[in-house]
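Structure record follows, encoded as structure tokens.
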Amino acid sequence: MFFSLLFLVLLTVQTAAASPAKATLQVVYPRPESEHDSRYLYDWEVLRTALEKTRGKFGPYELRQASQFMSPARVTTEAAGTGSINVFVRATSTQLEQQFRPVRIPVDRGLIGYRLLLVRHEDLPRFAGVRSLDQLRSFSIGQGKGWVDVGILQAGGFKVVEGNNYDGLFSMLEVKRFDALSRSVDEALSEYDAWHQRFGFEVEPGIALYYPLARYFFTRRDAEGEALASRLEAGLETMLQDGSLQALFMTYKGPLIKRSGLARRRLFRIPNPDLPPQTPLARSELWYRPQELPVKR
């Protein structure tokens with residue numbers, strides 16, 4: 001009996017030694033370029049949930065934000081090398097997917113492709129008369145320098161004016177550097193709440209612009225980046241299956257979508273010529289679809 005117990009103890013010790021505890025995965029995501037920028041709160045909650053859903057299979061993790069504010073250009077530089085971050089979220093493009101490893105599940109269910117316009121109060125009557133895409137193209141559109149949307153809008157026939165930093169875009173709208181700032185549904189309303197009193201702009205109430213676009217998590221194209229991307233894919237697929245991705249989306253985005261009246265707006269559609277062919281457009285469960293949207297071409 002004694003020797004049997006001793007054998008079991010030794011076997012347990014040997015098994016534990018042969019299967020050491022998994023190391024804690026360090027996941028570091030960017031700090032936005034402005035302290036006023038709250039665009040990414042939902043994304044990081046999705047990231048945390050995907051990591052938590054995979055803790056049993058992939059092991060423990062530590063999730064933290066980088067210590068310094070980062071412009072989009074700096075995020076790319078830091079992520080490409082051995083910088084302070086190893087994951088970021090961004091609207092996809094062919095070039096971005098060549099440089100980084102995409103996790104091809106749209107974090108925001110493609111909501112970024114539905115665009116509203118922030119405009120000056122005195123220009124509301126001008127936009128109210130828009131009934132065609134050609135009429136809409138007569139307005140200049142503001143965007144951040146290097147944003148994926150710049151090329152999409154230019155290819156769609158719009159004049160685009162680029163700003164060098166996020167906060168400065170709202171000042172540029174105020175001083176008439178462009179006619180409208182194009183923002184996703186949730187961004188437009190959040191930014192209205194944050195900046196309206198200071199700059200006095202409005203969310204144009206009748207128009208929506210659409211182009212197919214996906215925001216993904218991206219990692220480096222190395223062994224560590226591939227391992228992290230595989231874990232995030234597993235976590236996001238689990239979230240799709242158990243409904244937690246939809247629940248988070250509706251918690252963070254649902255009230256803003258409802259407030260925007262998106263389904264009642266005149267929708268103008270343009271193509272996205274830089275949308276990678278691997279974009280999973282056929283997986284309908286990945287995409288948000290407003291109901292009964294009248295489409296203008």
*asked:* Between (i) 91, 39, 36; (ii) 65, 42, 30; (iii) 56, 43, 36, which entry matches Cα extents along the principal axes in Å as derived from the coordinates of this structure?
replied: (i)
*Helix-only [θ]222 nm of the chain, DSSP H runs n ≥ 4, -39500 (n - 2.57) each, per residue, nearest 500*: -12500 deg cm²/dmol
*Number of Lys-Lys pairs in the chain under 18 Å by Cα, sequence gap 8 or more or different chains?*
5
*asked:* Need one value: the accessible area of residue 181 in square angstrom, 1.4 angstrom probe, rounded to the nearest 10.
replied: 0
*Hey, for a label at residue 202 modelled as a point 7 Å past Cα toward Cβ, could you say which residues of the range 124-139 have their backbone N under 17 Å away?*
124-131
*Stretch in the chain that is longest and holds no GluC sites (Glu not before Pro) that DSSP places in a loop and that have at most 10 other beta carbons within 10 Å*: 36-291
*Placed amide H near residue 88: partners under 5 Å, 5+ positions off or other chain*: 218
*In terms of modelled amide H atoms, which long-range or inter-chain residues lie less than 5 Å from the amide H of residue 61?*
25
*How many Å² of accessible area per residue for the chain, probe 1.4 Å?*
49
*Measuring from centroid to centroid over Cα atoms, what is the spacing of the range 177-213 and the range 237-274 in Å?*
16
*asked:* With a cap of 14 neighbouring Cβ atoms within 10 Å, and only residues DSSP puts in a loop, list the trypsin sites (Lys or Arg not before Pro) found in the range 31-111.
replied: none
*Using modelled backbone amide H atoms (1.01 Å from N, in-plane), which distant-in-sequence or interchain residues come within less than 5 Å of residue 144's amide H?*
163
*Once the piece of chain linking residue 176 and residue 283 is laid out straight, how much longer is it, given 0.36 nm per residue of separation minus the C-alpha distance between them?*
34.4 nm
_Using a 7 Å offset from the Cα along the Cα-to-Cβ direction at both residue 44 and residue 23, what is the distance between the two label points in nm, to one decimal?_
2.5
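The values are calculated or read from the model by the stated rules, or taken from the named source; none is laboratory data. A quick note: this is a predicted structure, and the numbers were derived from the prediction, not measured. Cβ sites come from the backbone with ideal geometry, for glycine too, and all protein chains shown count toward neighbours. What goes into the accessible areas is simple: the full protein's heavy atoms, side chains included, and nothing from ligands, DNA or RNA. Shrake-Rupley method; radii C 1.70, N 1.55, O 1.52, S 1.80 Å.
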